[in-house]
Amino acid sequence: MRSESKLASLGLLTAISASLCCITPILAILAGTSGLASTFSWLDPFRPYFIGFTLLILGMAWYQKLKPKKQIDCACDTTEKTPFIQTKQFLSIITVFSALMLAFPSYADLFFSEPNNQVELANPMDIQTIEFRIKGMTCTGFEAPVNHELSKLNGIVKALVSYENANAVV
């Protein structure tokens, strides 16, 4: 495997690693195993390093791919087809996928529909507001999954989850 293919693969791996802390809650809830949602939260402090490493590696891969090749003066005929994994198209696909992975926290809430709770209140005075402190939310990608799970509970009229405040107001 050529060096730019190795670099592209490593860039993809670091991009996925940078987003594991945000992707895992979505995958866990979709799989019905919400207890696994915080499995990769320990990676969150390293996210800026993973992002920087991903950008560095993909930059090196693009440099390797685009730098002028030294021409060897040879009378030999080489019509060998380049494997797809060593093409600019493959590197482009890896780059776009990596960018989507790195930006995942900003669009993670699109995977959850708005809660459709229909709670009938006998007496509007019975509504109570409670604030819960939440530890372990490592990015804004946790807001939508937690809000989605809270909205499934009976008797919840509205829930508002905030990463910045590390809380849920129910």
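The values are calculated or read from the model by the stated rules, or taken from the named source; none is laboratory data. Treat the numbers as computed from the prediction; the structure is a model and nothing was measured. Cβ: placed from backbone, ideal geometry, glycine included. Neighbour counts: every protein chain shown.
Some observations on this one:
- The residues on offer are Ala108, Ala99, and the sole one that is under 26 Å from Tyr49 (Cα atoms), in a helix (DSSP H, G or I) and modelled with pLDDT of 80 or more is Ala99.
- Selection within region 74-84 - modelled with pLDDT of 80 or more and surrounded by 10 or more Cβ atoms within 10 Å (Cβ to Cβ): Pro83, Phe84
For every residue, the table says whether it meets (1) surrounded by fewer than 15 Cβ atoms within 10 Å (Cβ to Cβ); (2) modelled with pLDDT under 80; (3) β-branched (Val, Ile, Thr).
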residue	(1), (2), (3)
Ile134	no, no, yes
Thr138	no, yes, yes
Ser151	no, yes, no
Asn154	yes, yes, no
Ala159	no, no, no
Ser162	no, no, no
Asn165	yes, no, no
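- Against the test of being over 22 Å from Ser19 (Cα atoms) and at pLDDT below 75, the options Gln89, Gln71, Gln128 yield a single qualifying residue, Gln71.
- Within region 147-164, the residues that satisfy the criterion of being in contact (Cβ under 8 Å) with a residue 40 or more places away in the chain and assigned to a helix (DSSP H, G or I) are His148, Glu149.
- Checked against the criteria, Leu43 does not count as outside any helix (DSSP H, G or I) and at pLDDT below 80.
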